[in-house]
Amino acid sequence: MSVIPTNPPASTPGTDIAQTPQGGYGAGDNYITHGKGIWSWLLTVDHKRIGLMYMVTVLAAFFVGGVFAIAVRTELIWPGQQLMPWADPNTNWKLYNQLFTVHGAIMVFMFIIPSIPAILGNFVLPIMLGAKDVAFPRINLLSWYCYIVGSAFFLWVLAGGVVGTVLGIENMPWFFPKGIDTGWTFYTPYSTTTNTGVILATIGVFILGFSSILTGVNFIATIHMLRPRNMGWGRLPLLLWSLYATAVIQILATPVLAITMLLLLAERALGIGVFDPALGGDPVLYQHFFWFYSHPAVYIMILPGMGVISEIISVFSRKHIFGYSFIAASSLAIAMFGFIVWGHHMFTSGQSPLLNSVFSLLTMSVAIPSAVKVFNWLATMYNGRIRMDTPMIYALGFIWLFTIGGLTGLPLGALSTDIHYHDTYFVVAHFHYVMVGSTLFAFLAGMYYWWPKMIGKMYNEKAGRFFAWIIFIGFNATFFIQFIAGSQGAPRRYADYDPKFWKYHFISTLGSYLLTIGLFGVLYNWVQSLRSGKKAPANPWGANTLEWHTPSPPPHANFVEGHEPEGVPPYDYDGWDYDENIDGYVRKPNYVYEGH
Amino acid sequence: MLTLSNFFSWLSGPWMPENAGGFADNVDFLNGFILAVSYFFVAVIAFLMIYFSIKYRQTDRADVSHGAHHSTAIEIAWTLPIVAIVTFVFVVGFTGFLDMAGPPTGGEANAFHIRVEARKWGWTFYYPNGGSSDKLYVPADRPVELTLESNDVIHSLFVPAMRIKKDVVPGRYNRMWFQPDPNLVSAENPRKELDVNCTEYCGQGHSQMNTLCIVVHESQWDDVLSEINKFNKDGLSPAEYGEQVYQVRGGCVQCHSIDGSSGTGPSWKGLYGSERPLAVTDGESTVTADDAYIYESIRYPNRKKAEGFGTASMTTYGTSQLSAGDVRAVIEYMKTLAGQDPLEAFPEDYDGKTDASEESE
């Protein structure tokens, strides 16, 4: 199947094969052309193809979640009712409650959690390790199908609810569920008493959870078992450290969510009392179970982003990452701390002051590894050779957003200030800065960074930079103002609000429109690249992790035949020369790393 | 005189709502300190990012920078200040929180106790004299302690101007307290209105679950107490008392109109005695809205929902929320809305459990 390159270089250890200009492989086989037809994709066990399939489906989920986000912001642009002015206020509030629930649930379970690990992680993790695939390729495919089935449940539930509410149909047929209006948190006893489709939605979450677990299992096994010669843990790229830490959380925390959802089902469907006080249960117990997963899940969302940023800051500064071991250790520290801070979601629930103070203190500790990362990134930039390509703009945007998101975590982790801020727009702004701002920016940074590798084509750099700025401005306009609204006391999840909060909501909604324009600009940028992008060189950025040692896009087996990849110092850029004919970097012949 | 503490509170000023006492001093001070820290770090980090990006911008694509890329001393040096800052933030937040846990021991006897019932979607406040209101009236000159009960799902009581919030969790009594700023009111301006919000998502009417906290000067406090007390049934006809239950104690007004307009629930206008088509027809397709049906629909709202309201989910009113006498009064009130004659007076022995004596149960 695979075409042998016209002039294969010798496979002596230490030399590299990707130095041949891409023309040498251009006519050959790559993973995209390796098989034809829909079944060659749907039944593939190639991690790169699974990564691309995740990309299409996760981006589709992002689009759907985004539509609901815009609907929510549009409802809030003025006080009163905007979305269904013809209906009575009750119907409008019902619709709003479904919209914000569906927005949150889709974005969390179907977009943010799988975004970086399942798309970028799936694609680059095995190549970074010089491996042919992940450790369990079939399980990898199974995780994608879990994602599809779980998502299908979700979309089915929400479509029924929103359509039914908009059309005013009261009794939908059984196969058309009533939507969900519980918020993505499914708090009891509301979720056990509402007549919306909680059971179906929780089944969806349950299945989506398995998708996440399977990816985590695969990543841990792959990183342990498939590292090449000369790649000790000290040469593991920082993205892999962060994906490793993420996978640990996925494996340990997600089952708790699955159990919680089962208990919720047992109470709702069978009347077994776990959370309902009338049946001898405790509603706050649900919150403990739920946040025992969902707080670590926040780190499932942010840690891979930090890994992406660590790669990009170093590559685009043309300088070895500063404090490699501290960044790697801080990923593990965040993963660990992430497990023991869940109680800070319950400071107002009436739990004992002792528990509150312990959780507050532990929460504060998360600030330390987070700050360590930011300082190390800045130290990497110091005296670098900084190039402001699109991935770097997103990476710097990430640092800005993560700094604000992190600092606004302080008053939420401290007890007395959290009592004021809890469940206000301050919290909304905070977690959007961390989850959307930071993770979305890291995701876009990573997408632009690995796009040439994944697709084999370059994108329009000018358009990429332009829309990065639009997104940056739009995002800050949308969410920064919400910090002020929340401080002033605007409660969250309100379908209608006191007119005194009008100006904050108005600016926020306009910002969200700008953000939307920027995101569609990115989509345009990518589609244009797919259609008419310039062919990408093997290494457009001069990076040294192993995925840049193979052609773009990589061949089916990841590396050209005869090339046995070995571990290299991932942040040593001396071995590459810039070749302006291909607008990329080529390996210096016979380069030997001597250490610095 | 500008002390450090004043400076931090001043920094909080543009962010925070008005300060009406409660725990605003501690919260605003700590918030100001965190703001100062945040402004500093955001400024430094943004400056360095921009400065580095310009000063070290790439001129030669082949160029590589070689510099130190590991220094344990530097890592420790920038970690220690972070540890110090977060420790300070924790300690101040913790001490402030301990104050919130309960009224000062010495003044405990002096705290004014109010029982709060939250339901979808409204509040009822019960006072020691047996009166009740849908607004929270508090005296300005003493601490107020609230005991929070929920009739259905989790709610949360938030008074932004006091910086105080507590969840109202079914199955447990949560407590909260605050001391209003006594200078809020005076003999000339005896009442001050503050916003009260529900801050735990509780369904369709969550955004409407707002009321007012009214801080009252001592010169008017006795008047307020007797005004609240009118919600006792003494001196009222059953229908008049039923209207009070509709407005305040039961909070029925949140979902049921009396002018025929459709709300979350059916309007009560002309309801009594009419034939009601049922949402789920199980044998019978209609039911007459007589006393028995109304009683059943209050105690077991999900049994026979009327057509058009099949997906509505009403709070269940057990005997602890509405006594048999309360329900009787509501039915008499509904009669007046349907042009029928209500009872003139409560029967002598008729389940008089509508007065303060019931509260002790």
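Read-outs: derived from the displayed coordinates by stated rules, not from any lab. What you are looking at is a predicted structure, and each value in this text was computed from that prediction instead of being measured. Counting neighbours? That spans all protein chains shown, and the Cβs are built from the backbone with ideal geometry, glycine included.
Please list, in chain and number order, the residues 5+ apart from A:D579 or on another chain whose amide H is under 5 Å from its amide H, with Hs placed from the backbone.
Sorted by chain and number, the residues that satisfy this are A:G584, A:Y585, A:V586.
Work out the mean other chain Cβ neighbour count within 10 Å for the residues of A:96-104 and drop it here as an integer.
Taking the mean over all residues of the peptide, I get 1.
Over segment A:132-272, calculate the relative contact order: mean separation of alpha carbon pairs under 8 Å at least 6 apart, over the residue count, as a percent.
30 percent
Using helices alone, what [θ] at 222 nm do you get for chain B, with -39,500 (n - 2.57) per DSSP H run of 4 or more residues, divided over all residues and rounded to the nearest 500?
The helix-only estimate for chain B comes to -10500 deg cm²/dmol at 222 nm.
Taking the Cα centre of the protein assembly as shown as origin, work out the dipole magnitude from +1 charges on Lys and Arg Cβ and -1 charges on Asp and Glu Cβ, in debye rounded to 20.
That gives the protein assembly as shown a dipole magnitude of about 4020 debye.
How much mean residue ellipticity at 222 nm does chain A get from its helices, if each DSSP H run of length 4 or more adds -39500 (n - 2.57) and you divide by all residues, to the nearest 500 deg cm²/dmol?
Rounded to the nearest 500, the figure is -19500 deg cm²/dmol.
Give the order of A:K462, B:K305 when sorted by the count of other beta carbons within 10 angstrom, beginning with the fewest.
Sorted ascending by nearby Cβ count, the order is A:K462, B:K305.
Under the classification rounded if a/c is under 1.5, otherwise prolate if a/b is larger than b/c and oblate if not, where does segment A:271-372 fall, given a ≥ b ≥ c as square roots of the Cα gyration tensor eigenvalues?
prolate
Express the relative contact order of segment B:1-58 as a whole percentage, based on alpha carbon pairs under 8 Å and six or more residues apart in sequence.
Relative contact order here is 35 percent.
Filter the trypsin sites (Lys or Arg not before Pro) in segment A:168-238 down to the DSSP loop ones having no more than 13 other Cβ atoms within 10 Å, then list what survives.
A:R229
For chain A, the longest stretch holding no GluC sites (Glu not before Pro) located in a DSSP loop with at most 10 other Cβ atoms within 10 Å is which?
In short, A:1-579.
Rank-order B:85-92, A:107-114, A:300-307 by packing density, defined as the average count of other C-beta atoms within 10 Å over each peptide's residues, highest first.
A:300-307, A:107-114, B:85-92
Could you state the angle between the C-alpha long axis of helix A:89-105 and the longest principal axis of the C-alpha atoms of chain A, as a value from 0 to 90 degrees rounded to the nearest 10?
For helix A:89-105, the angle is close to 30 degrees.
Counting only other chains, and only Cβ atoms inside 10 Å, what mean value do you get across the residues of B:41-54?
Average per residue, whole number: 5.
Quick check for me: using +1 on Lys/Arg Cβ and -1 on Asp/Glu Cβ, what's the dipole size of segment B:1-154 about its Cα centre, in debye to the nearest 20?
Once rounded to the nearest 20, the dipole reads 440 debye.
Give a residue-ordered list of calculated ³J(HN,Hα) values for segment A:486-491 (Karplus: 6.51 cos²θ - 1.76 cosθ + 1.60, θ = phi - 60°; whole Hz; x for Gly, Pro).
Taking θ as phi minus 60°, the curve returns x, 4, 6, x, 6, x Hz for segment A:486-491.
By how many nm would the segment from A:N230 to A:D498 lengthen if fully extended, with 0.36 nm per residue of separation less the alpha-carbon distance?
Full extension of this stretch gives 90.2 nm more.
Among the listed pairs A:K453/A:K534; A:K132/A:K534; B:K135/B:K165; A:K457/A:K588; B:K135/B:K305; A:K94/B:K166, which have their C-alpha atoms separated by more than 19 angstrom in this model?
A:K132/A:K534; A:K457/A:K588; B:K135/B:K305; A:K94/B:K166
Just to be sure I understand the rule: take each whole DSSP H helix in chain B, project its Cα atoms onto its long axis, keep it if the span is 30 Å or more and its mean Kyte-Doolittle hydropathy is at least -0.5. Which ones pass?
Qualifying helices, which must be both long enough and hydrophobic enough, are B:24-55, B:72-101.
Quantify how strongly other chains surround peptide B:157-166 by giving the mean number of their Cβ atoms within 10 Å of each of its Cβ atoms.
5
Which peptide among B:312-322, A:87-97 comes first, and what is the full order, when sorted by highest mean count of other Cβ atoms within 10 Å?
Result, highest mean first: A:87-97, B:312-322.
Quick one: Cα centre-to-centre distance for segment B:286-335 and segment B:125-172, in angstrom?
26 Å
Taking θ = phi - 60°, what integer Hz values does the Karplus form 6.51 cos²θ - 1.76 cosθ + 1.60 yield along segment A:178-184, in sequence order, with x for Gly and Pro?
Calculated HN-Hα couplings, in order: 9, x, 10, 10, 9, x, 5 Hz.
If each residue's Cβ is checked for other Cβ atoms within 10 Å, how do A:S352, A:S314 rank with the fewest at the top?
The most exposed by this proxy come first: A:S352, A:S314.
Quick one: which residues, 5+ away or cross-chain, put their amide H under 5 Å from the amide H of B:S257? H built at 1.01 Å from N.
Amide H neighbours of B:S257, under 5 Å, 5+ apart: B:G263, B:S267, B:W268.
For chain A, take the longest principal axis of its alpha carbons; what is the angle in degrees between that and the long axis of helix A:283-317, to the nearest 10 within 0 to 90?
Tilt relative to chain A: about 30 degrees.
Averaging sequence separations of C-alpha pairs under 8 Å and six or more residues apart, then dividing by the length of segment B:98-186, give the relative contact order as a whole percent.
Computed over segment B:98-186, the figure is 29 percent.
Can you run phi through the Karplus equation (6.51, -1.76, 1.60; θ = phi - 60°) for segment A:516-522 and list ³J(HN,Hα) in whole Hz, with x for Gly and Pro?
Residue by residue, segment A:516-522 yields 4, 4, x, 5, 5, x, 5 Hz.
Using the alpha-carbon atoms, what tilt in degrees (0 to 90, nearest 10) does helix A:137-167 show relative to the longest principal axis of chain A?
40 degrees
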